[in-house]
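Below is one structure, written out as structure tokens; the observations come after it.
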Amino acid sequence: QVQLVESGGGLVQAGGSLRLSCAASGRTFSSYFRGWCRQAPGKEREFVAAIRWSSGSTYYQDSAKGRFTISRDNAKNTVYLQMNSLKPEDTAVYYCAASRGLGLAFPSRYDYWGQGTQVTVSS
């Protein structure tokens with residue numbers, strides 16, 4: 001019923017850019033935060049960025065700040081993650097997620113998850 005579907009992942013060289021998209025269906029998530037978490041092999045899932053749907057306020061992990069930009073399209077119920085100046089350490093499966101907003105930086109607090117999209121940064 002409720003679905004979050006990511007797209008836009010791929011292989012890119014260090015310094016390159018990718019834009020991830022997450023389309024939601026089943027509800028509007030108007031009272032939620034929408035965000036992105038990532039998980040590299042053998043590592044814990046970590047918070048990357050989030051946006052408060054009602055206001056557009058944005059939040060970033062320190063490593064993403066200045067390089068990544070999260071945005072939303074209300075009409076499309078879609079959130080985006082523009083990733084610039086990508087580094088090999090950004091390599092991970094990126095998951096779209098939605099949260100009620102308590103403990104936003106902790107992936108365990110998120111209520112809905114997409115299937116993930118692979119981002120691989122070479123060099």
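The values are calculated or read from the model by the stated rules, or taken from the named source; none is laboratory data. Keep in mind the model is a prediction, meaning the values are calculated, not measured. Cβ: placed from backbone, ideal geometry, glycine included. Neighbour counts: every protein chain shown. Only protein heavy atoms, including side chains, enter the accessible area calculation; ligands, DNA and RNA are left aside. Shrake-Rupley method; radii C 1.70, N 1.55, O 1.52, S 1.80 Å.
Summary of values
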quantity	calculated
Every pair of residues 6+ apart whose Cβ atoms lie under 9 Å, when the first sits in the range 63-90 and is in a loop (DSSP other than H, G, I, E, B) and open to solvent by 40 Å² or more (accessible area, probe 1.4 Å) while the second is of a type in the set (Phe, Trp, Tyr) and modelled with pLDDT under 95	Asn74/Trp53
Single residue of the range 93-115 satisfying the filter (touching an Asp or Glu at 6+ places or on another chain (Cβ under 9 Å), under 19 Å from Arg27 (Cα atoms) and not in a strand (DSSP E or B)) that is most open to solvent (accessible area, probe 1.4 Å)	Arg100
Residue in the range 39-60 that is over 14 Å from Ala97 (Cβ atoms), surrounded by 15 or more Cβ atoms within 10 Å (Cβ to Cβ) and among the β-branched types (Val, Ile, Thr) present	yes
